[in-house]
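Each value in this text was obtained by applying a stated rule to the coordinates, not by laboratory testing. All values reported here derive from a predicted model rather than from experimental measurement. Ideal geometry is used to build each Cβ from the backbone, glycine not excepted, and the neighbour counts take in all protein chains shown.
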Amino acid sequence: MQRIKTVKDFLKMYIDGFKSMTWGKTLWVIILVKLFIMFAILKVFFFPNFLNSHFDTDSQKSDFVKQQLIKSNINQNN
Amino acid sequence: MNADVTLIDWSRAQFALTAMYHWLFVPLTLGLGVIMAIMESIYYKTGKEKWKRTAKFWMKLFGINFAIGVATGIILEFEFGTNWSNYSWFVGDIFGAPLAIEGIIAFFMEATFIAVMYFGWNKVSKGFHLSSTWLVVIGATISALWILVANAWMQNPVGMTFNPDTVRNEMTDFWALISPFAVDKFCHTVISSWLVGSAFVVGVSAYFLLKKRETEFALDSIRIAVITGTLGIVLSVITGDSSGHLIAQKQPMKLAAMEGLYDGSKGAGLTAIGILNPAKEPNDDNEAFLLDIKIPKMLSFLANRDFESFVPGVNDLINGYTKNDGTIELSTQEKMNRGKLAITALSDYSKAKEAKDETALVDAQKRLDDNFPYFGYGYFDSPEDAVPNVPLTFYAFRIMVCLAGYFFVLFIFVWIVNHRRKFEKMTWLQWVCLLSIPLAYITSQAGWIVAEVGRQPWAIQDILPVQAAVSDISASSVKTTFIIFAVLLTALFIAEVSIMVKQIKLGPAVEDELHK
């Protein structure tokens, strides 16, 4: 048994650990596929940040939200 | 308020779906993590190889759950930005800090030490390995802390001030976020997750006994799990009581819904058993219950630590009432009027700013500050809008409490018969334990239903209701993504269950760690 004494040994533990996986590889495949679906598909095509995708500056965003919050009240009072 | 009800409902449904799926993974991570760390601690102390083997098996299942569940919570953050953009903008400054801390801690602690936990057997000292295992558990728990701090802030907004220029709430006191409300929420949520981990370990161990395999491993595992589970339930009762007391002070409408209490009273009784009258509406003459058995004065005591104190019901909260300290709680209609004044003041502030009218600006700011605590009420069409879904909150609370009581009895009973070495022969009880695993998840989910349905219609208590928090998007787009999430999350859940079942069937006899 080779004990870890240096940073190099520590990194080797990681590398050996990943190399010698069996069923753990299935989990990594699931993790990577999941992250790909979440960030490359869902986030990009279905979940754009609403304010970032419509406005460029914080000032525009705050103006829009302010109008949204005020408009609702004005509509109701009318 | 002229809000698209379909959009609000779909946005809420989508958030509920993803949060509930996410919460399938989290409590097992928190609960099983503690149990496997205790097992490894016993191995460290006794040096007995059987405990190392036991810990390694449960770590394997912990790894499966962790891997499949990891990052499912990020979907909720996507939804904030897309479906709840008004809300995100309104509170962004408050949420940024806790979520950033959560991300950093989760990444560094869990990612670093989880590798040592799986790859480090025989490569690092026993003490270092044990420390890594506990640090993984602590890392997961701390990351839950910051999420729960953020959630608690939504239910009890403190430590911030509203800036009408940016239309954002800005943090003024970071430590105020760690309020008693947040501490209770954290403790109750994390500790109650031990119940889920324990029920899982007891159930899976019972499976091995039913199969007449790995008897010693199963009985050892059960011994640790029932102690952890029982302790978790006892501590959950204590933290739940404390939570209930704070809810009575900060979210009295939620407490009224939890109890199906429409007309408040002094010396109010706690409903032990009750069937709600489905025809009951606020301020009508119908009876609240078709059948109920109450524990006299107990609700007053739990809410205010005083058997004779007044506990307001739904009708009192709508119509206004005199609080126990003699002050008057405004009626919901009065709060709505003040909320509308606050919103109008925000509008006036904006116009005064544009016109560079300093006097009008100061006047609008004052009106806004005076009425801001009721800002969210300004979006209601009627006082009844302030009432959450009473039946769902009421029954979810009782399901949570009854199932927690059931597990307390089950764990104690299994503890006793296991101690007397009779459990391995009690096939019926082994079946009960195995079949009880889903009930533990229902207990945990029911708790969240009480917390989240009971606080409706608020996205942020008193300040922002859900109808003002949603984005200006189409309901159909939210519907589409709801279906996508339902499919994706169901696929992940099926993957979790199938991989988990496969590894459980292989059992601890197979030296099949992540790195082998």
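Some observations on this one:
- Cα lying deepest toward the dipole's positive end in the range B:351-437, options B:Asn371, B:Leu429, B:Phe407, charges on Cβ: B:Leu429
- Relative contact order (%) - the range B:332-383, alpha-carbon pairs under 8 angstrom, separation at least six: 59
- Size of the range B:326-476: Rg and Dmax of its alpha carbons, in Å, are 25.5, 84.
- For the range B:76-160, the alpha-carbon radius of gyration amounts to 1.41 times the rule-of-thumb value 2.2 N^0.38 Å expected for a compact globular protein.
- Neighbour cut-off at most 13 other Cβ (10 Å), DSSP loop, trypsin sites (Lys or Arg not before Pro), the range B:389-462: B:Arg420, B:Arg421, B:Lys422
- Put the Cα centre of the range B:102-156 next to the Cα centre of the range B:263-287 and the gap is 45 Å.
- Candidates B:Val237, B:Ile295, B:Thr332 compared by Cα position along the dipole of the protein assembly as shown: farthest toward the positive end lies B:Val237, with charges placed on Cβ.
- Rounded to the nearest 20 debye, dipole of the protein assembly as shown from Cβ charges on Lys, Arg, Asp, Glu: 3480
- Coordinate range along principal axes, alpha carbons of the range B:259-314, Å, largest first: 32, 22, 11
- Remark: relative contact order (chain B) = 21 percent; criterion is Cα-Cα distance under 8 angstrom and separation of 6 or more residues.
- Note on the range A:1-47: the alpha carbon radius of gyration divided by the globular reference 2.2 N^0.38 Å gives 1.72.
- Estimated FRET transfer efficiency when R0 is 22 angstrom, pair A:Ile41-B:Ile483 (beta carbons, to 0.05): 0.95
- Loop trypsin sites (Lys or Arg not before Pro), the range B:165-250, which have at most 10 other Cβ atoms in a 10 Å radius of their Cβ (DSSP): B:Lys212
- Where trypsin sites (Lys or Arg not before Pro) fall in DSSP loop in the range B:17-115, at most 12 other Cβ within 10 Å: B:Lys48
- Separation of alpha-carbon centers, the range B:28-94 and the range B:487-511, rounded to whole Å: 16
- Computed over the range B:430-483, the P(r) curve from all C-alpha pair distances, binned at 5 Å from the origin, holds 4, 15, 13, 13, 17, 14, 9, 6, 5, 3, 0 percent per bin.
- Projected area, mean over directions - chain B, Cα convex hull, nm²: 26.3
- Here the dipole of chain B is about 2960 debye; that uses its Cα centre as origin and unit charges on the Cβ of Lys and Arg (positive) and Asp and Glu (negative).
- Net charge dipole, the range B:332-383: roughly 60 debye, given to the nearest 20, about the Cα centre with Cβ charges of +1 for Lys and Arg and -1 for Asp and Glu.
- Its DSSP H runs of at least 4 residues, each contributing -39,500 (n - 2.57), put the calculated 222 nm mean residue ellipticity of chain B at -23500 deg cm²/dmol, to the nearest 500.
- log₁₀ of I(q)/I(0) at q = 0.05, 0.06, 0.12 Å⁻¹ - the protein assembly as shown, Debye sum with one point per alpha carbon: -0.25, -0.35, -1.25
- For B:Asn337 and B:Ile412, the FRET efficiency from 1/(1 + (r/R0)^6), where r spans their Cβ atoms and R0 equals 45 Å, is about 0.25.
- Range in chain B, longest, excluding exposed GluC sites (Glu not before Pro) [loop by DSSP; at most 16 other beta-carbon atoms within 10 Å]: B:1-286
- Across the options A:Phe50, A:Gln68, A:Met13, the greatest Cα extent toward the positive end of the charge dipole of chain A (unit charges at beta carbon of Lys, Arg, Asp, Glu) belongs to A:Met13.
- Relative contact order computed over the range B:376-468 (Cα-Cα under 8 Å; 6+ residues apart), in percent: 52
- Against chain B, whose longest principal axis is taken from its Cα atoms, helix B:180-210 shows a tilt of about 30°.
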